[in-house]
Amino acid sequence: MNMIAAVDNHWAIGNKNDLLVRIPNDQRHFRDETMGKVIVLGHRTLETFPQGLPLQGRRNIILSQDRELRVKNAVVAHSLEELRDALQPYDSGDIYIVGGESVYRQMLPYCDVVHITKIDRTYEADRYFPNLDEMPQWRITQDSEEQTYFDLEYVFLKYERVGVPEEFTKIL
């Protein structure tokens with residue numbers, strides 16, 4: 001499975017239920033990576049999408065403990081077991097975890113590729129992605145040229161897990 005996120009210098013991903021910044025090239029990168037794929041996200045992340053609706057052109061699976069939650073054009077899983085069942089028909093390489101913080105933390109052990117847009121800035125934040133640079137099992141395997149958007153500098157990084165433990169080779 002894959003993860004995809006944009007982070008600042010301290011691995012922050014959000015503040016007050018919103019993204020830290022919107023960079024058009026990063027949004028294109030996200031769209032290109034996930035189009036036609038399965039995306040897994042939490043309910044609060046769904047609220048950050050345009051009009052708070054599932055993204056078109058992708059299979060949206062919402063992981064939420066809210067048993068009353070119903071989302072048109074999306075599957076709602078209320079536990080990791082339900083998520084596992086919902087993901088069963090799909091190739092793990094076509095599954096992208098797209099946020100938020102708690103979903104990233106729960107699903108990181110099951111992923112082997114993480115696509116990070118690393119923004120060279122520090123924002124006020126209350127949501128964070130796990131710092132892969134501090135985890136010896138993660139290595140940068142691709143690194144883009146530095147990009148700029150107005151006064152922001154950022155790079156696209158691909159992290160891959162090295163030495164995947166056998167218990168994590170299957171989806172959940």
About its Cα centre, what dipole magnitude does the chain give when the only charges are +1 on Lys and Arg Cβ and -1 on Asp and Glu Cβ, stated in debye to the nearest 20?
-> 620
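Per residue, how much accessible area does the chain have with a 1.4 Å probe, in Å²? Walk me through the numbers on the way to the answer.
Values: 9440 Å² over 172 residues.
Result: 55 Å² per residue.
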With θ set to phi - 60° and the Karplus curve 6.51 cos²θ - 1.76 cosθ + 1.60, what are the ³J(HN,Hα) couplings of region 82-96 in order, to the nearest whole Hz, using x for Gly and Pro?
-> 5, 4, 4, 5, 5, 8, 3, x, 9, 5, 4, x, 9, 10, 10
Sequence ranges 21-31, 5-15, ranked by mean other-Cβ count within 10 angstrom, highest first = 5-15, 21-31
What residue among 139, 58, 67 shows peak mean-square fluctuation when the chain is described by a Gaussian network model with Cα springs under 10 Å?
-> 67
Contact order normalised by residue count of the chain, Cα under 8 Å, 6+ apart, percent | 31
In the chain, what percentage of the DSSP-assigned beta bridges are antiparallel, given to the nearest 5?
-> 50
For region 4-79, what is the charge dipole size about the Cα centre, in debye to the nearest 20, if Lys and Arg each add +1 at the Cβ and Asp and Glu each add -1 at the Cβ?
-> 280
Which residues' amide hydrogens lie under 5 Å from the amide hydrogen of residue 121, considering only partners 5 or more residues apart or on another chain, with H built in the peptide plane?
-> 9
From the Cα centre of region 55-110 to that of region 1-54, the distance in Å is 14
Give me the percent of the accessible area of the chain that comes from carbon and sulfur atoms, probe 1.4 Å, all protein chains in place.
-> 44
For residue 150 and residue 73, what does the FRET efficiency come to when R0 = 22 Å and r is the distance between their Cβ atoms, rounded to the nearest 0.05?
-> 0.05
Under a 1.4 angstrom probe, counting protein chains only, how are 49, 129 ranked by accessible area, largest first?
-> 49, 129
Which of 52, 21, 38, positive extreme of dipole for region 1-139 (C-beta unit charges) | 52
Taking H placed 1.01 Å from N in the peptide plane, check which residues at least 5 places from residue 20 or on another chain put their amide H under 5 Å from its amide H.
-> 15
Dipole-positive endmost among 73, 147, 136 within the chain (Cβ charges, Cα centre) = 73
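The values are calculated or read from the model by the stated rules, or taken from the named source; none is laboratory data. Note that the structure is a prediction, hence the values are computed from the model and not measured. Because the Cβ atoms are built from the backbone with ideal geometry, glycine has one as well, and the counts that use them run over all protein chains shown. What goes into the accessible areas is simple: the full protein's heavy atoms, side chains included, and nothing from ligands, DNA or RNA. Shrake-Rupley method; radii C 1.70, N 1.55, O 1.52, S 1.80 Å.
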